[in-house]
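Reading through the structure tokens given below for one structure.
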Amino acid sequence: MRLLRAESMRFWARTLIRWAMVAGLVVAGLVVLGSWSTSTPPPDEVQASMQADFDASVKDWEDNGETYVADCLAAEKADAEELGEPLDYECDEMGPPVWADYAYFATFAGEGLSTVQLSLLLVALLTLGVGVTFVSAEHTSGAIGNWLTFEPRRSRVYWSKVVAAVLGVVPVTVVMVGLIAGGSLWAYDHHGALGRFDLDQDLRPYVEMGFRAAVLALGCAALGAALGSLLRHTAIVIGVVAGWAILVEAVAANVFDAIKPWTLVTSMNAWIQGGTAVYVTECDATDDSGMLCDWVEHPVSQAQGGLILTAVVASIVLASWLVFRRRDVA
């Protein structure tokens with residue numbers, strides 16, 4: 001405990017870390033400000049025009065809805081016969097216009113929720129950077145050698161740094177997640193722009209999403225500390241992370257569809273959102289020696305995303321520990 005207290009004091013003594021925390025809170029405030037601006041209703045004349053268009057669409061459905069469904073079913077049957085395979089144009093899902101979908105101003109169930117989910121990923125990115133700079137700075141400056149003179153048991157030193165990085169980001173993580181999730185929801189609710197988001201039914205899953213985002217941020221802090229110890233320089237860590245993001249998450253995932261469900265970005269989205277889906281291209285040979293390709297949805301569960309992220313964090317943290325135990329730190 002004495003060593004952990006000392007590491008915690010060193011954590012908060014770093015000026016860069018304190019400024020990073022301040023920057024994180026500023027970003028969270030800007031997200032809420034953006035939610036307030038985005039959810040502000042349009043002028044009355046614009047709303048009146050939208051309402052008139054919506055009423056006209058409702059009347060058109062009342063007059064011609066059955067015809068639209070019949071035409072859809074007929075087209076589905078004709079195309080299926082032409083291609084020689086069953087088709088589903090989702091004709092049975094056709095229905096009257098819905099105001100929440102018809103209105104083109106932002107609703108929390110649409111743009112707002114997507115913004116919150118993306119912003120929560122930024123919290124994890126911040127804690128990753130804080131963990132990296134906390135540990136790598138000592139390796140870069142050579143201070144780690146002096147610290148090991150004071151405490152030669154390397155395992156105790158390593159784990160105290162990882163735990164101190166995780167505990168150190170707890171306050172800013174809680175505040176940022178609470179501010180982004182709670183502040184954005186309040187802004188949309190204040191303007192009556194929740195859309196299909198129901199406070200009675202959807203609030204608990206939303207709070208659970210924020211909790212999972214906080215857990216991800218703490219895991220990223222441990223990952224950052226491990227990478228900082230393993231690579232020993234912040235610039236190198238940035239290069240490795242950026243290279244992975246470009247080569248694997250962006251390029252390879254688009255070239256090889258099979259790896260899309262297993263990427264870190266997909267796993268983080270699945271973990272935070274409680275499950276997600278990716279679309280991959282699947283092609284089959286046709287009777288005329290051609291190829292018929294289609295987009296196929298592949299669901300990715302929250303459990304799968306969580307297990308992948310846990311495996312990545314645990315393996316890197318343990319690998320960094322094994323290297324730190326034996327590597328020359330002079």
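The values are calculated or read from the model by the stated rules, or taken from the named source; none is laboratory data. All figures in this text were calculated on a predicted structure; none of them were measured in a lab. Don't worry about glycine lacking a Cβ; one is built from the backbone with ideal geometry, like all the others, and counts go over all protein chains shown. Note: accessible area is taken over every heavy atom of the protein model, side chains too, but ligands, DNA and RNA are not part of it. Shrake-Rupley method; radii C 1.70, N 1.55, O 1.52, S 1.80 Å.
Tabulated results
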item: Residue among 217, 225, 235 that is on the phi < 0 side of the Ramachandran plot and surrounded by fewer than 22 Cβ atoms within 10 Å (Cβ to Cβ); result: 235
item: Matching residues, the range 2-17, being open to solvent by 60 Å² or more (accessible area, probe 1.4 Å) and either of a type in the set (S, T, N, Q) or over 16 Å from residue 136 (Cα atoms) (or both); result: 2, 5, 9, 15
item: Test result for residue 222, among the small types (Gly, Ala, Ser) and outside the structural domain of residue 129 (by TED's automatic domain parsing); result: no
item: Residues located in the range 113-154, provided they are open to solvent by less than 40 Å² (accessible area, probe 1.4 Å) and among the hydroxyl-bearing types (Ser, Thr, Tyr); result: 119, 127, 133, 136
item: Selection from the range 136-182 of residues that are outside any helix (DSSP H, G or I) and farther than 30 Å from residue 27 by Cβ; result: 142, 151, 152, 153
item: Some residue of the range 189-207 being within 16 Å of residue 123 (Cβ to Cβ) and in the same structural domain as residue 142 (by TED's automatic domain parsing); result: yes
item: Which listed residue is free of Cβ contacts under 8 Å to residues at least 12 places away in the same chain and not assigned by TED's automatic domain parsing to the domain that holds residue 126, from 13, 70, 75; result: 70
item: Set 48, 20: member being more than 27 Å from residue 129 (Cβ to Cβ) and of a type outside the set (Lys, Arg); result: 48
item: Test result for residue 258, farther than 30 Å from residue 328 by Cβ, open to solvent by 60 Å² or more (accessible area, probe 1.4 Å) and modelled with pLDDT under 90; result: yes
item: Selected residue (criterion: surrounded by the most Cβ atoms within 10 Å (Cβ to Cβ)) from residues of the range 288-330 that are assigned to a strand (DSSP E or B) and modelled with pLDDT of 85 or more; result: 300
item: Members of the range 1-18 that are among the basic types (Lys, Arg) and in a helix (DSSP H, G or I); result: 2, 5, 10, 18
item: Test: residue 230 is in contact with a Leu (Cβ under 7 Å, 6 or more places away or on another chain), open to solvent by less than 70 Å² (accessible area, probe 1.4 Å) and not polar (S, T, N, Q); result: no
item: Matching entry among 249, 208, 282 (being open to solvent by 20 Å² or more (accessible area, probe 1.4 Å), closer than 30 Å to residue 137 by Cα and acidic (Asp, Glu)); result: 249
item: Test result for residue 30, touching a helix residue (DSSP H, G or I) at 6+ places or on another chain (Cβ under 9 Å), assigned to a helix (DSSP H, G or I), at pLDDT 85 or above and open to solvent by 80 Å² or more (accessible area, probe 1.4 Å); result: no
item: Leading residue by the ranking (surrounded by the most Cβ atoms within 10 Å (Cβ to Cβ)) among those in the range 33-61 that are without any contact (Cβ under 8 Å) to a residue 12 or more places away in the chain and within 30 Å of residue 178 (Cα to Cα); result: 33
item: Criterion violated by residue 58 - all others in (1) in contact with a helix residue (DSSP H, G or I) (Cβ under 8 Å, 6 or more places away or on another chain); (2) among the hydrophobic types (A, V, I, L, M, F, W, C); (3) in a helix (DSSP H, G or I) satisfied; result: (1)
item: Criterion (farther than 30 Å from residue 324 by Cα and at pLDDT 90 or above) met by exactly one of 207, 237; result: 207
